[in-house]
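J.: Dropping a structure here in structure tokens format, bear with me for questions.
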Amino acid sequence: MLFPTPSLTTADEAVLVEVDRMRDELRHQLLATAKWTGGLRKFLTADAVAASNSIEGFKVSTVDVEDLIAGERDVDVSEEDREETLAYERMMTYIQTLHDAADFAYSKGFLNSLHWMLQGHRHTARKPAGQWRRGPVYVTDARDPSIAAYIAPEADAVPALMAELIQWLEHDDGSHTLVRAAMAHLHLVSIHPWADGNGRMSRSLQTLMIAREGVLAPEFSSIEAWLGRPGNTWEYYQVLGRRGREYRPDQDVAEWLRFNLTAYHQQAQTVHARFRRSGQVWDALTDFTNRQGLDQRLVTALHDVAMSGRVRRTRYEQNEGLSLQQAQRDLRDLVRARTLAPVGRTRARYYVAGPHFPETALDLAHTPAALEDPYDERR
């Protein structure tokens, strides 16, 4: 038995209408593709990976994830964090390619294959990857690991529950895609079918379902970055914890749905704000390079510095399709002009804003967004 999908309240429906409007607006804006939107897509992917892994205790900054995805070897992270980041990024990249697969279908094999991509590097006889768990599993209390905050269903019940979930995934019940995606997340994380990796798998399933809807490119479809913010992560665990300590699918989970609708709304606000800032920063840097008589390709490197805090030679080289020698010359020239400042030596070197970096661009990049609570009656 799975959780019944709650009926939407008038407030829930109003929030969904607003989320749909924001997502549709962003889709139209992205159709007028600007050069900087490629960087935005990469940032959003890295931000989702960094956030979802951080919930599980793997702390790698978004800019470090961006560098790891770009193939950088000299990133100052532990080997464990590197492996977890790259495993999750590979799985998310695969999920992104499935958004328009014509013959796509959910199945036991598909979900277990995703799990192997995520956890295969940790596969052991005790905690097998790509297979349903063979024993009990507990979610421990963050304050005291000796206390079980949640006890998942018995291992013997997992195959039947997952068969029911797969059937549910394959048959549309007419609910809004965002509602179904939120419920799929809850179903999977509550069944906890694997020995490890259940949280990230559940969040990834939610992302996949939204991406399959086709309204936005997969990079813009995830709420994992929102869930990974400290205050939201705490509330995420609180809402999940209020289901009770055991699997009880006969309960009302309207609170979970409202929590997810808030996440969708505020993440849409966040992406819109990032989109606007990215465009404004790009325009400011274009004006700067024009005034200085610089080649326009340098805007790519400067934009990375303004928006992410730094740029590496390899990322600039890849983004502009340059030779190693040309990328090195460009960055040396920016350092000589004190627009950029180098940090570190040789292969580990990256570049940050120097004393002559245009302040207008930095001010625009660092302007925080104010998020609205979609359920605030004072709006």
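Where a number appears in this text, it was derived from the coordinates with a stated rule and is not lab data. None of these values were measured; they are calculated from a predicted model. All Cβ positions, glycine included, derive from the backbone under ideal geometry; neighbour counts span all protein chains shown.
J.: Please compute the length gained on full extension between R134 and S113, using 0.36 nm multiplied by the number of residues separating them and subtracting their Cα-Cα distance.
T.: On the way: separation 21, 0.36 × 21 = 7.56 nm, distance 1.72 nm.
So the extension gain works out to 5.8 nm.
J.: Another question, if that's okay. Taking the Cα centre of the stretch 56-267 as the origin and placing charges on Cβ (Lys, Arg +1; Asp, Glu -1), which of V139, V75, S204 is farthest toward the positive end of the dipole?
T.: Value computed over the given set: V139.
J.: Among residues other than A11 whose Cβ falls under 10 Å from its Cβ, what is the net charge (Lys/Arg +1, Asp/Glu -1)?
T.: That works out to -2.
J.: Cα axis of helix 79-97 to longest principal axis of the chain: angle in degrees, 0 to 90, nearest 10?
T.: Approximately 80 degrees, to the nearest ten.
J.: How big is the gap, in Å, between the Cα center of the stretch 90-156 and the Cα center of the stretch 247-292?
T.: One Cα centre to the other: 27 Å.
J.: Separate question: Note the angle between two axes, namely the Cα long axis of helix 324-336 and the longest principal axis of the Cα atoms of the chain, as a number of degrees from 0 to 90, rounded to the nearest 10.
T.: Long axis of 324-336 versus the principal axis of the chain: about 70 degrees.
J.: Specify, per residue and in Å³, the volume enclosed by the convex hull of the alpha carbon atoms belonging to the stretch 29-127.
T.: Numbers: hull volume 13.0 nm³, N = 99.
Convex hull of Cα atoms, per residue: 131 Å³.
J.: Which trypsin sites (Lys or Arg not before Pro) in the stretch 125-217 pass both tests, a DSSP loop state and at most 16 other beta-carbon atoms within 10 Å?
T.: Listed in order of number, the matching sites are R126, R134, R143.
J.: Using a cut-off of 22 Å between alpha-carbon atoms, which lysines can reach K59, once sequence neighbours fewer than 8 places away in the same chain are excluded?
T.: K59 reaches K42.
J.: Taking each pair of different alpha-carbon atoms in the stretch 176-231 once, compute 1/r for the pair, average those values, and report the inverse of that mean as the Kirkwood hydrodynamic radius in Å to one decimal.
T.: Computed over the stretch 176-231, the radius equals 11.6 Å.
J.: Still on this structure: Tell me, how many Å apart are the Cα centres for the stretch 324-340 and for the stretch 17-49?
T.: Centre-to-centre distance over Cα atoms comes out at 30 Å.
J.: Same structure again: Rounded to whole Å and sorted largest first, what semi-axes of the equivalent ellipsoid does the C-alpha gyration tensor of the chain yield via the square root of 5 times each eigenvalue?
T.: 39, 24, 18
J.: Follow-up question, since we're still on this one. What is the ratio of the Cα radius of gyration of the stretch 56-267 to 2.2 N^0.38 Å, where N is its residue count, to two decimals?
T.: Relative to the 2.2 N^0.38 Å estimate, the stretch 56-267 comes out at 1.00.
J.: Same structure again: Compute the acute angle (0 to 90°) between the alpha-carbon long axis of helix 158-170 and the principal axis of greatest extent of the alpha-carbon atoms of the chain; round to the nearest 10°.
T.: It works out to around 60 degrees.
J.: Can you show me the helix-derived [θ] at 222 nm for the chain, built from DSSP H runs with n ≥ 4 at -39,500 (n - 2.57) apiece and divided by the number of residues, rounded to the nearest 500. It would help to have the intermediate numbers written out before the result.
T.: On the way: 15 runs with 218 residues, N = 379.
Estimated from H runs of four or more residues: -18500 deg cm²/dmol.
J.: First check a/c for the stretch 33-86, with a ≥ b ≥ c the square roots of the eigenvalues of its C-alpha gyration tensor; if it is under 1.5, answer rounded, and if not, answer prolate when a/b is larger than b/c or oblate otherwise.
T.: Judged from the Cα gyration tensor, the stretch 33-86 comes out oblate (a/c at least 1.5, b/c at or above a/b).
J.: Here's something else I'd like to know. If you place +1 on the Cβ of every Lys and Arg and -1 on the Cβ of every Asp and Glu, how big does the dipole about the Cα centre of the chain come out, in debye to the nearest 20? Present the calculation step by step, with values, prior to reporting the outcome.
T.: On the way: 45 positive and 53 negative charges, 258 e Å.
In debye, rounded to 20, the chain gives about 1240.
J.: Moving on. What aspartates and glutamates does K108 reach when the alpha-carbon gap must be under 13 Å and sequence neighbours fewer than 8 apart in one chain are set aside?
T.: The qualifying aspartates and glutamates are E164, E170.
J.: Here's a follow-up. Taking 0.36 nm per residue of sequence separation and subtracting the Cα-Cα distance, how much length would be gained by fully extending the chain between T10 and D74, in nm to one decimal?
T.: On the way: separation 64, 0.36 × 64 = 23.04 nm, distance 5.18 nm.
Once the chain is fully extended between T10 and D74, it gains 17.9 nm.
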